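The values are calculated or read from the model by the stated rules, or taken from the named source; none is laboratory data. Predicted model only: the values in this text are computed from it and were never measured. Here Cβ is always computed from backbone atoms with ideal geometry, including for glycine, and neighbour counts include all displayed protein chains. When the accessible area is computed, the model is the full protein with side chains, heavy atoms only, and any ligands, DNA or RNA have been set aside. Shrake-Rupley method; radii C 1.70, N 1.55, O 1.52, S 1.80 Å.
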Amino acid sequence: MTFVRVALDVPLSRLFDYRADDASAADIGLRAVVPFGSSGKTGLIVGVADTTDQPQDKLKPVEAILRDMPPLPGDWIALCEFCNRYYQHPLGQVMSFALPPMLRKGRLPKSRGKGRGASCKDAREVVRPPLLAEQQVAVEAITSARGFETFLLHGVTGSGKTEVYLRAIDAVLAAGKQALMLVPEIALTPQLEQRVSERFPGAQIVSAHSGVADAARARGFLDALEGRADIVLGTRLSVFMPLPRLALIVVDEEHDASFKQQEGLRYSARDVAVFRAKQLDIPIVLGSATPSLETYQHAISGRYRLLELHHRAVAEAPPEVRTVDTRREKLQDGMSAALIDALAVRLERGEQSLVFLNRRGYAPVLACPACGWVSRCRRCAANMVVHLADQRLRCHHCGLEAGIPKACPDCGNQDIHPFGRGTQRLDAALSERFPQARILRIDRDSASTPKKWQTLLAAIHAGEADILIGTQMLAKGHDFPRLTLVGVVGADAALFAADFRAPERLFAQLMQVGGRSGRHDLPGEVLIQTEHPGHPLYRALVEHDYAAFARTQLDERQMASFPPYSFQALLRAEARDMAQSLAFLAAARAAASPLTGGMVDLYDPVPMRMARLKNLERAQLLVESASRPALQAFLTAWMEQLHALKAPRELRWHLDVDPLEY
Ligand code: ADP
Ligand code: ZN
Ligand code: ZN
């Protein structure tokens, strides 16, 4: 008798055997429809055997093996198995996540591509700028890699990193191979897609991100699997694209937090990409102006090869960065005289400015000065944000909305105020101060759909705006030729945040947003308003010295034995009340104690910083080890114990390996 071993999308860390007398080893990697529970399920065949350790007479036959697409290759299955082990996530759920929804459900798109990739035969008149010396060195290093090697391409925005990726991809396509390029945000892919397709007019380029419709996503996946795609360009999920001739992986903006998924399979696409490159014995390029400290530490310790681009490719000089000391100044609507003057100068010259404030809405809270009432969300440990334009209070964590009360709900005081400042309030203030200026606000409210976002971008590029007000949405990857001033307001809060990664994120954000200015022949200026002008983080920004910043941060992390000098995982629990969450974690901790082998530290269960979200009370338990293998072995043993724990029915828990949020 023959059996197939099937991975199913169920929250159980085991495989399911079925009888399948016509199955052979060639069916591994195919989808199978099997009876499960009261109905059927589609899963993936990961093994074919003539024995099974389950009672044979109890095993049901498969309903169908779907042979209408080629099997997923062994390396793809191995990639999923790696995620299963590393992130302690059931294999069937990993595979289900890695497949496009349509294929997951056992269906196929109506039409499919034909033939193999054109591999750029008709490369028309493609313009390739002659490489600068450092670019040349980088391209040569990457293209001459024999087998697995991880490169960190470190260079400020505009230093020509993308040009380096494109040249490396050039070599891959010339050899008839495939390249995979990961980028952080869908918002950025259209520009990059255009640049890539202009460079490789004959190549088949597949884009993969959550904005691609179901059928197109399945088609793209099949184009990759069947070898038609030359280049796959996409967000984190595209790290799971099957590519039989993959020869190069690029991860642009490798430090970006969006590479880490915060739900379900909590994977880091960057880390999975490095594993994949190693598994396939191919080079991988991680690019960034502000590498993550994990990556940078590998680069200075020699594990990764550091390639540096020190100069901007086009603009002569980097922007001049200055701090504006706001301690002794009465700010006008949150803005210093220096910033207001600088804006006025740009308006006069017909140049663009950007004021960066990473807080959307009108004001972060509505408050009553008489009794101390504040607009708290009743479902979360958070305030409801004032959105004056549509007269709503809105919780940015759970989406709860309410009208803006006319008087204090507690004491009836009619004199209640919005406190603090968001982008809408800044917009209002700037409109009043500069009535002649064309002001455009860009945040998740004004750019709520990709279409609105594209319209806003087009307006900026067409020069239809004088002052941009933006959150981090605007910080990334855009090239606005006439932008010469960036003002940063309200950044100090992140300096002293409890999260040890906050400075790293702030530095990256400010570097990125500062990089928006003066990208062509016009010199750029960055003004950072702060009450801590001497802070080392701001000093490093003024000096354009990422390395100095990284060294001080790494020193601090080493002293505290934080990552990258230790490896962490978080067990999180959420329930109706905190006592339940903490009790579960206490039991989990007790179960863990005998398993640590003295190599893993267990912390105490504590409420999460956002202790309440959508009416659930959340707590966490941190585990840490100086040894990655010790942590992995511990987690595997611990997971079994966790599944055996008796938890209240409505309690949810999950494990987050290499967490980014605490
Ligand atoms: P990054 O990815 O580091 O932000 P890009 O590769 O996008 O940098 O380059 C920034 C700008 O410089 C782009 O307009 C690009 O076309 C141009 N550029 C890059 N390399 C060169 C070069 N060697 N010669 C001329 N222009 C270049
Ligand atoms: Zn009141
Ligand atoms: Zn809420």
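The residues packed around residue 147, meaning those with a beta-carbon under 11 Å from its beta-carbon, carry a net charge of 0 if Lys and Arg are +1 and Asp and Glu are -1.
The charge dipole of the chain, taken about its Cα centre with unit charges on the Cβ atoms of Lys, Arg (+1), Asp and Glu (-1) only, comes to about 1420 debye.
With the simple spin-label model, which puts each label point 7 Å out from Cα in the Cβ direction, the residue 615 to residue 651 separation comes to 2.0 nm.
For the residue pairs 161/451; 452/476; 58/646; 161/278, the alpha carbons lie more than 19 Å apart in 161/451; 58/646; 161/278. Here the range 120-309 has 49 percent of its accessible surface on carbon and sulfur atoms, given a 1.4 Å probe and all protein chains in place. At full extension, residue 390 and residue 322 could sit 20.9 nm farther apart than now, given 0.36 nm per residue minus the alpha carbon distance.
All other residues whose Cβ lies under 13 angstrom from that of residue 612 are scored, Lys and Arg at +1 and Asp and Glu at -1, for a net of +4. DSSP assigns beta bridges within the range 120-309; of those with both partners inside it, close to 5 percent run antiparallel. Summed over the residues of the chain and divided among them, the accessible surface reaches 43 Å² per residue at a probe radius of 1.4 Å. One chain, two ends: residue 543 and residue 497. Fully extended at 0.36 nm per residue, the span grows by 14.2 nm beyond their Cα-Cα distance. In the chain, a dipole from Cβ-located charges (positive for Lys and Arg, negative for Asp and Glu) runs towards its positive end, and of 239, 623, 135 it is 239 whose Cα lies farthest in that direction. From helices alone, the chain scores -9000 deg cm²/dmol at 222 nm; the rule is -39500 (n - 2.57) for each run of n ≥ 4 DSSP H residues, then divide by the residue total.
Multiplying the residue separation of residue 438 and residue 329 by 0.36 nm and removing their Cα-Cα distance gives an extension gain of 36.5 nm. Radius of gyration (Cα atoms) of the chain, expressed as a multiple of 2.2 N^0.38 Å: 1.03. Spin-label model, residue 661 to residue 622: label points 7 Å out along the Cα-to-beta-carbon direction sit 1.7 nm apart.
Computed over protein heavy atoms with a 1.4 Å probe, the carbon and sulfur contribution to the accessible area of the range 567-657 reaches 55%. Here residue 105 is the anchor, and the lysines within straight C-alpha reach of less than 21 Å, apart from those fewer than 8 places off in the same chain, are 41, 60.
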